[in-house]
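Worksheet: one structure, shown below.
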Amino acid sequence: MKSVTKSYFIMLWFCSFLIFVPICSDVFSLDSAKQGIDLSKYARFKIRISDISKSFQENPPVFPKYTTQLINIANQNAQSTRPKAVGQMSELVFEFNGDDYNAWVSWYLNRYPNAIDTAADKTFAMVQKLQKAILQIDREMVKTWITDLVLAKSWAGLHCQESIIKKIAKKKEKKYRLATPIEESRGIDGYIGIRPVSVKPVSYQSKNMLDEDIRVDIIWYKKVRGGIEVFYDF
């Protein structure tokens, strides 16, 4: 059995538990923009997580096509591998004082003897639910889903300003209206009561786009899974 340095453990666990990373690509790469370093002139390569796993596993698991994607969805839905269930892996890796994979496995299972089986049971129960659900899917349902995604949700994503203004107005028990073209030219998107407001995505701040003279209260929003999150301070 080959030993592996702790840095490999850290990379493996970090990548394995990023829920929203496209798992099917099975690739880890450095986001140079987030590091604040210009790496455009550097040599570049990618390391597949599967290759790292194979470097210290005698018999790495082999899965049929598409099954890992379905298991991953089931795991997400069941929340089987959240820290409260299997431990905070990013911390446990540092707590483990060793560089041998077998020793790491023994150390972990000694601390969490039932975690793997419990997580597997929860995930498999969700897999069974997905199996029942997928039998209900026909082409008409798929077409309805595609239509809603491409048309309705795309439109809603691009025209969320009124929904945001309306929601805040309701919370404040005020009337609202959208801005006129002349008001829009002054950076106003609408009014809550008599208060002019502007609705901007959070990314607007990081793109140095606040040069325009907006002298109204700004309502910020960002897209999150299943909708948008809104921030305001007035």
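We did not get these values from a lab; they are worked out from the coordinates using the rules stated. Predicted, not measured: the structure shown is a model, and the values here were computed from it. FYI the Cβ positions are ideal-geometry reconstructions off the backbone, even for glycines, and counts take in every protein chain you see.
Key figures
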read-out	value
Pairs beyond 28 Å (Cα-Cα), from K172/K222; K41/K200; K65/K222; K171/K223	K41/K200; K65/K222
Nonlocal amide H pairs with G190, under 5 Å, H built at 1.01 Å	A179, V197
Taking segment 101-234 and dividing mean pair separation by its residue count, relative contact order in percent (alpha carbons under 8 Å, at least six apart)	12
Residues whose placed amide H lies under 5 Å from that of V202, excluding near-sequence neighbours	Y221, K222
Karplus-derived HN-Hα couplings along segment 113-124 (A = 6.51, B = -1.76, C = 1.60, θ = phi - 60°), whole Hz, x at Gly and Pro	x, 10, 4, 5, 5, 4, 5, 5, 4, 5, 5, 5
Least to most buried among L130, L149 (fewest other Cβ within 10 Å first)	L149, L130
Segment 91-180: trypsin sites (Lys or Arg not before Pro) falling in loop per DSSP and having at most 16 other Cβ within 10 Å	K172, K174, K175
Residues with amide H under 5 Å from that of Y176, placed H, sequence gap 5 or more	G193
Stokes-Einstein D (µm²/s) once Rh is taken as the Kirkwood radius of segment 51-181 over alpha-carbon pairs, at 37 °C in 0.692 mPa s	165
Calculated from backbone phi, Karplus (6.51, -1.76, 1.60) coupling profile of segment 221-234 in Hz, x at Gly/Pro	8, 9, 6, 10, 4, x, x, 9, 10, 10, 10, 8, 9, 7
Rounded to whole Hz, the Karplus (6.51, -1.76, 1.60) HN-Hα couplings of segment 79-92, x for glycine and proline	6, 6, 10, 5, x, 5, 9, 10, x, 7, 4, 4, 8, 5
